[in-house]
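Trainee: Let me begin by handing over the structure; questions about it come next.
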Amino acid sequence: MLSQADYDLLRELQHNERYARAYKKITVLLMLHLGQSMEVISASLGISEGTVRNYRQRYEQVGLEAYLQDNYQGYTGKLSVAQQA
């Protein structure tokens, strides 16, 4: 599934604090590469099999660099005018 270069990079990033938010995404790819089932991966990481499947599909569609980009935007909520004041 992964090229040797991608595998080596993911192993390095897995222990890099800068990629702490992406730890599960990185680990999913590594576990898939090592032949683990979606069921085992989801149970080990506490995520759904659907999430594992989505991560794999995303990697296959966009490649490693785009897969690792952190586009997370937290929910800012909507405050009323009175609450904003």
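Trainee: Determine, from the Cβ-Cβ distance of L64 and H15 and an R0 of 22 Å, the FRET efficiency 1/(1 + (r/R0)^6), rounded to the nearest 0.05.
Mentor: With a Förster radius of 22 Å, E is 0.85.
Trainee: If you don't mind, there's one more thing I want to ask. What does the helix-only formula give at 222 nm for the chain: each DSSP H stretch with n ≥ 4 adding -39500 (n - 2.57), the total divided by the residues, and the result rounded to the nearest 500 deg cm²/dmol?
Mentor: Mean residue ellipticity, 222 nm, calculated: -19000 deg cm²/dmol.
Trainee: Mind checking the stretch 17-85 for trypsin sites (Lys or Arg not before Pro) that DSSP puts in a loop (not H, G, I, E or B) and that have at most 11 other Cβ atoms within 10 Å?
Mentor: Numbers: sites: R18, R21, K24, K25, R53, R56, R58, K78; in loops: K78.
For trypsin sites (Lys or Arg not before Pro) across the stretch 17-85 that sit outside H, G, I, E and B with at most 11 neighbouring Cβ atoms in 10 Å, the list reads K78.
Trainee: With label points built 7 Å along Cα→Cβ from the Cα atoms of Y23 and V40, find their separation and express it in nm.
Mentor: 2.1 nm
Trainee: Helix 23-33 versus the longest principal axis of the chain: what is the Cα-based angle in degrees, 0 to 90, to the nearest 10?
Mentor: On a 0 to 90 degree scale, this one is about 30.
Trainee: For the chain, what does the alpha-carbon gyration tensor say about shape, rounded, prolate or oblate, given a ≥ b ≥ c as the root eigenvalues, a/c under 1.5 as rounded, and a/b over b/c as prolate?
Mentor: Values: a/c = 2.57, a/b = 1.96, b/c = 1.31.
The shape class here is prolate.
Trainee: On a full-extension model of 0.36 nm per residue, what is the gain between T76 and Y7, subtracting their alpha-carbon distance, rounded to one decimal in nm?
Mentor: On the way: separation 69, 0.36 × 69 = 24.84 nm, distance 3.56 nm.
Residue separation times 0.36 nm, minus the Cα-Cα distance, leaves 21.3 nm.
Trainee: Further question: Skipping prolines and chain starts, which residues have an amide H placed within reach, meaning under 5 Å, of the one on I47, given they are 5 or more residues away or on another chain?
Mentor: none
Trainee: Sticking with this one: Hey, how many Å between the Cα centroid of the stretch 36-54 and the Cα centroid of the stretch 12-30?
Mentor: 15 Å
Read-outs throughout are calculated quantities, based only on the coordinates presented, and are distinct from any laboratory measurement. What you are looking at is a predicted structure, and each value in this text was computed from that prediction instead of being measured. Virtual Cβ from ideal backbone geometry, glycine too; neighbours counted across all protein chains shown.
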